[in-house]
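Below: one structure, written as structure tokens.
The values are calculated or read from the model by the stated rules, or taken from the named source; none is laboratory data. Here the structure is a predicted model, which means the values were calculated and not measured. Because the Cβ atoms are built from the backbone with ideal geometry, glycine has one as well, and the counts that use them run over all protein chains shown.
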């Protein structure tokens, strides 16, 4: 919103981060989505539900997924209100996934705050997650589109299958980049691409545009996850809210490690087998792991991959109509990887 | 099926348990449902999924919920195949709920066998449960009925809300019979009633029949859960696969205890507060709890309640057309509580 004395609005908007500009452009819609989220996470008889959910939903997440749904609908000229329900749907699915992830990962911290399973217990995280899945299901049914339901059902299955695959593949040194990609698609890209696609579907956009929306969602989701993997070894704990090397300590075969394992000498392979495969870690192992990643420049290669996926996302946008929101999505694809530099 | 030398088929069928007679009547359909369950629980890349699921699905459960869907559809003259998908759907939802329940309850045994969270880990139970929810969602979308989706979305929310409510209400001595009933509706009756209702909806049955199917599903679900509560204190561990007094040790305010608390003297209330409210249990407490239940005859009163709900179920059937399946459902309602005598 422009207010007197704000100076040149255009200059100001250029200085904003892309998701802040998207948020400003879609602010009326996002207010409606946030109101819907608060209404639907209420429970008349089980106060634990809004307590746990509010802890996550109000924790200052960027609401990236619901914004993508709203952006896709806006870009395709949608003028109804089902986009708000679908935006709340994807945020609920995302929040439910986080709750279950924290139980699975036995995490103690998310977004710089203690996790729900630490503040309450695993039971609350499992059951409130289930409740949010059910609530998201009710919201999407209200949109009365079988195609939307089909997209979100398939995305849910891809997400869940990816999570299980990750669990078994994570400590197995045979996990290669192809399996990694499949896990990542499930873990991140599936919900991003579904969030975009349903926005186009309710707008009754032409098929090539719906496909472009899916493609745009798929690629930065992957770029985002690869960036996350990198930041786990390179990030600033204060800024990211994560501890350096968490993935290593949790024996996760993320992309920088997979690339190092692929080039490992016999001794180095034994090191990875002991620390990741067997989980017998000792003091100095994280430093040794970082040294091996430096030796093969796998953090650089991981950054290159993230950038390549971000470029694919921008490419997908060319099938969509010229629109200020399209420009913001293009900037957003760049921004996902810009945090890496 | 009648084979030569089997003697009087009618006599034989009368001697069978009602769910065995239902299973025999619906056997071709149930074979199709079982094949569908096996196909849909497969996962190309994550073998952990069919491993965990098979442990539960093949464990010899009675498949009561899918049978209810098939029975409702048959009773209403349905001749398509969507009933098979919906039957597999409710079994997947049920199985997913069991997987999450075992994590929440920290159970070690179910149906006389070690639970999945003990054989594998909590992660597998949480994530494979999520996968089955997603699979069930895909199956129901394939039936292309928004009303069916609406019923199952609402049932899912009632189930999840009931589970959370149970978690917070279970050890709170203020939990009365009304709250208990609400928890039980979520825990058991919601899926039974939805299983029946969707069978009628895909058969395009008249509204009064759809309502009767819902009512029939609601009541024995409650009778069944009340019977379960009773058997936890009175059952035969070898037959039920449960240990006597599990609910007491897990500090669950089930109906026999709620009735005893409602009539407790000051000293007795202090006993319940210590053992259930605070969970500070010692040797001899289970015996003392059983003595208090005997003093107030709460096990008898609980049995009366179960019988009253079973009678309500039979009553609901009167709105449905005369049919051999209707007779079996009537017997089934009686059988749910017959195990109590």
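Each row is one residue, and each column tells you yes or no for (1) under 13 Å from the mean Cα position of the chain (by Cα); (2) assigned to a helix (DSSP H, G or I); (3) under 18 Å from residue A:93 (Cβ atoms).
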| position | (1), (2), (3) |
| --- | --- |
| A:149 | no, yes, yes |
| A:153 | no, yes, yes |
| A:156 | no, yes, yes |
| A:162 | no, yes, yes |
| A:171 | no, no, no |
| A:187 | yes, yes, yes |
| A:193 | yes, yes, yes |
| A:198 | no, yes, yes |
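In the set A:73, A:28, A:23, only one residue is farther than 20 Å from residue A:216 by Cβ and either at pLDDT 75 or above or surrounded by fewer than 19 Cβ atoms within 10 Å (Cβ to Cβ) (or both); that residue is A:28. Of the residues examined, residue B:262 is one that is in contact (Cβ under 8 Å) with a residue 12 or more places away in the chain and surrounded by fewer than 23 Cβ atoms within 10 Å (Cβ to Cβ). Put simply, of B:338, B:227, B:319, B:306 the only residue that is surrounded by 15 or more Cβ atoms within 10 Å (Cβ to Cβ) and within 26 Å of residue A:123 (Cβ to Cβ) is B:227.
Screening residue B:221 with (1) farther than 17 Å from residue B:148 by Cα; (2) surrounded by fewer than 24 Cβ atoms within 10 Å (Cβ to Cβ) gives one miss only, at (2). For the residues B:156, B:125, B:193, B:136, the requirement of being buried (at least 24 other Cβ atoms within 10 Å of the Cβ) and at the interface with chain A (Cβ under 8 Å from one of its Cβ atoms) singles out B:156. Just one of the listed residues (B:215, B:247) is surrounded by fewer than 19 Cβ atoms within 10 Å (Cβ to Cβ) and touching a helix residue (DSSP H, G or I) at 6+ places or on another chain (Cβ under 7 Å), and it is B:215. Please verify whether residue B:132 is touching a helix residue (DSSP H, G or I) at 6+ places or on another chain (Cβ under 7 Å) and at pLDDT 65 or above, treating the condition exactly as stated. Spelling it out, residue B:132 is indeed touching a helix residue (DSSP H, G or I) at 6+ places or on another chain (Cβ under 7 Å) and at pLDDT 65 or above. Residue B:144: closer than 30 Å to residue A:147 by Cβ, in a loop (DSSP other than H, G, I, E, B) and within 12 Å of another protein chain (Cβ to nearest Cβ), yes or no? Yes. From the list A:241, A:235, the one residue that fits, being modelled with pLDDT under 85 and out of contact with any strand residue (DSSP E or B) (no Cβ under 9 Å at 6 or more places or on another chain), is A:235.
Yes/no matrix, rows are residues, columns are (1) crowded, with 23+ Cβ neighbours inside 10 Å; (2) more than 20 Å from residue B:35 (Cβ to Cβ); (3) within 14 Å of chain A (Cβ to nearest Cβ); (4) modelled with pLDDT of 95 or more:
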{"site": "B:84", "(1), (2), (3), (4)": "yes, no, no, yes"}
{"site": "B:87", "(1), (2), (3), (4)": "yes, no, no, yes"}
{"site": "B:96", "(1), (2), (3), (4)": "yes, no, yes, no"}
{"site": "B:101", "(1), (2), (3), (4)": "no, yes, yes, no"}
{"site": "B:107", "(1), (2), (3), (4)": "no, yes, yes, no"}
{"site": "B:112", "(1), (2), (3), (4)": "no, yes, no, no"}
{"site": "B:118", "(1), (2), (3), (4)": "no, yes, no, no"}
{"site": "B:121", "(1), (2), (3), (4)": "no, yes, yes, no"}
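The number of residues in region A:200-212 that are outside any helix (DSSP H, G or I) and surrounded by 23 or more Cβ atoms within 10 Å (Cβ to Cβ) comes to 1. Residues in region A:160-175 that are at pLDDT 85 or above, facing chain B (nearest Cβ under 7 Å) and surrounded by fewer than 24 Cβ atoms within 10 Å (Cβ to Cβ): A:163 alone.
Residue A:178 falls short on exactly one of the conditions (1) part of a helix (DSSP H, G or I); (2) within 14 Å of chain B (Cβ to nearest Cβ); (3) touching a helix residue (DSSP H, G or I) at 6+ places or on another chain (Cβ under 7 Å), and that condition is (3).
Residues that are in contact with a helix residue (DSSP H, G or I) (Cβ under 8 Å, 6 or more places away or on another chain), more than 30 Å from residue A:67 (Cα to Cα) and part of a helix (DSSP H, G or I) are absent from region A:224-241 altogether. Filtered by the rule that a residue be under 18 Å from residue A:261 (Cα atoms) and touching a residue at least 12 places away in the same chain (Cβ under 8 Å), region A:161-182 gives A:166, A:169, A:170, A:171, A:172, A:173, A:175, A:176, A:177, A:179, A:180, A:181.
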